[in-house]
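**Q** I'd like to ask some things about the structure below.
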Amino acid sequence: MRTLRTVAELRAALAEPRRRGARIGLVPTMGAFHAGHLSLMRRARAECDEVVVSLFVNPAQFNEAGDLNAYPRDEARDAALAAEAGVDLLFAPAVEEVYPAGFATRVSVEGLTDRLEGAHRGREHFDGVCTVVTKLLNMVAADVAYFGQKDAQQALVIRRLVRDLDIPVEIEVCPTVREPDGLAMSSRNAHLSAEDRRRALGLHRALRAAEAAVAEGERDVATIRRRALDELAAAGVETEYFELVSPETLTPVSGVDEPVLALVAGRVGGTRLIDNQMLSTAAGAGTPPSAGREARDREKPCIARC
C-alpha cells in the first residue's frame, strides 16, 4: 500500500489503473479506523480492482473547535489496518492540500440537511461534508464510493448530491457494524469511560425498544417514541432527538404502516453519539426483537444505492 499526500500524486497513481479499465473504489474516512471502516474497505476490495481510502479530518464539518481538536488521530495505526484490509492507496492530504489559500466554494444540499443533525450541528456541518465529499469524488474519480449506514442522514445527503450534480459514481451504503452488545462502532467511542460506555448502550436499547413496540403491533408514533425515550432516560443519555422518519425523505411519519427509519442522537458524558435502525412491520412478523444481531443485519436493507 502506498500513502499519498497530494492530488497530483493521487491522480498519477490512478492513471495506469484507469487506462486499463480498472474499477476504482473509494472509502472516504476521517481516520481512527474501527471494524466499521474495515468492513467498508473489505467490501471495496471484493468489488473493485483498485481501492483508495482517504484519511482526512475535515475541519469544515466541525462547528466546535474543541470537537475538532479532540478527534482521535493515529495515522500509523490506520495505515497498518488499511494495508491489512487490502487497500492499494491511502490518500492522507494536509488541510492546505484540500483547502488551499483562497478557497471560497461551498457545496450545499437543501431540504435533507435542515433537521435532525442539521438542526443540532448547524447547516454548516453538512455544507462541510458535501464540500469535502464533492472534492474527494473529483480527486479520485472513483467508479463507486462506500459509506456506512450509521450515518444515515449523511448517506441520503450524499446520494442527493451525486444525483443533483450528475457525478458519475455509484454510492454504496453498507450495514452498521456493532459491538457484540449492540453499540454501534464509532471513532468517538474511544472517548467513552467504562461507565459512559455502559450508559451509551441506551441508544441501542432505545432502538430495540422501538423495534419491539412495532413487532408487538404498535403503530402510534408517539407511543413508540415514548418507549424509546424512557430507555434513553433510564440509561442517563442526554437525548438530542429520537425520531421516526421516511427513509427516503427524512420527513416525520404519522404512523408505522410501512418501513420507517428510527434515528437517535445524544450525549454520554462529553461524547456525542448517533445511531439508527430501520423499523418494518413485515420484518417484525415472526422475528422476535431478541433475535441475534446477525439476523437483523441480513434483513436490513442499505439506505441507498445509486
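Quick note: the coordinates plus some simple rules give every number you see, no bench work behind them. Since we're looking at a predicted model, the values are computed, not measured. When we count neighbours, we look across all protein chains shown, and the Cβ atoms used for this are built from the backbone with ideal geometry, even at glycine.
**Q** When every alpha-carbon pair in the range 77-182 is counted, what percent end up more than 18 Å apart?
**A** Tail of P(r) above 18 Å: 59 percent of Cα pairs.
**Q** What ranking, highest mean first, results for peptides 63-73, 24-34 when packing means the other Cβ atoms within 10 Å averaged over each residue?
**A** 24-34, 63-73
**Q** I would also like to ask the following. Between ASP166 and GLU64, what length comes free when the chain is fully extended (0.36 nm per residue of separation minus the Cα-Cα distance, one decimal in nm)?
**A** 33.5 nm
**Q** At a 10 Å Cβ-Cβ cut-off, how would you order GLU243, GLU84, GLU211, fewest neighbours first?
**A** Going from least to most buried by this count: GLU84, GLU243, GLU211.
**Q** Give the Rg (one decimal place) followed by the Dmax (whole number) of the range 2-174, computed from C-alpha coordinates and expressed in Å.
**A** In Å, with Rg to one decimal and Dmax whole: 15.4, 46.
**Q** Indicate the gyration tensor shape class of the range 157-289 (rounded, prolate or oblate), computed on the Cα atoms with a ≥ b ≥ c the square roots of the eigenvalues: a/c under 1.5 is rounded; otherwise a/b larger than b/c is prolate and the rest oblate.
**A** oblate
**Q** Listing ASP49, ASP78 from the residue with the fewest other Cβ atoms within 10 Å to the one with the most, what is the order?
**A** Starting with the residue having the fewest Cβ neighbours, the order is ASP49, ASP78.
**Q** What is the order of HIS37, HIS204, fewest Cβ neighbours within 10 Å to most?
**A** HIS204, HIS37
**Q** Over what distance in Å are the Cα centres of the range 203-231 and the range 1-55 separated?
**A** Taking the Cα centre of each part, the range 203-231 and the range 1-55 sit 39 Å apart.
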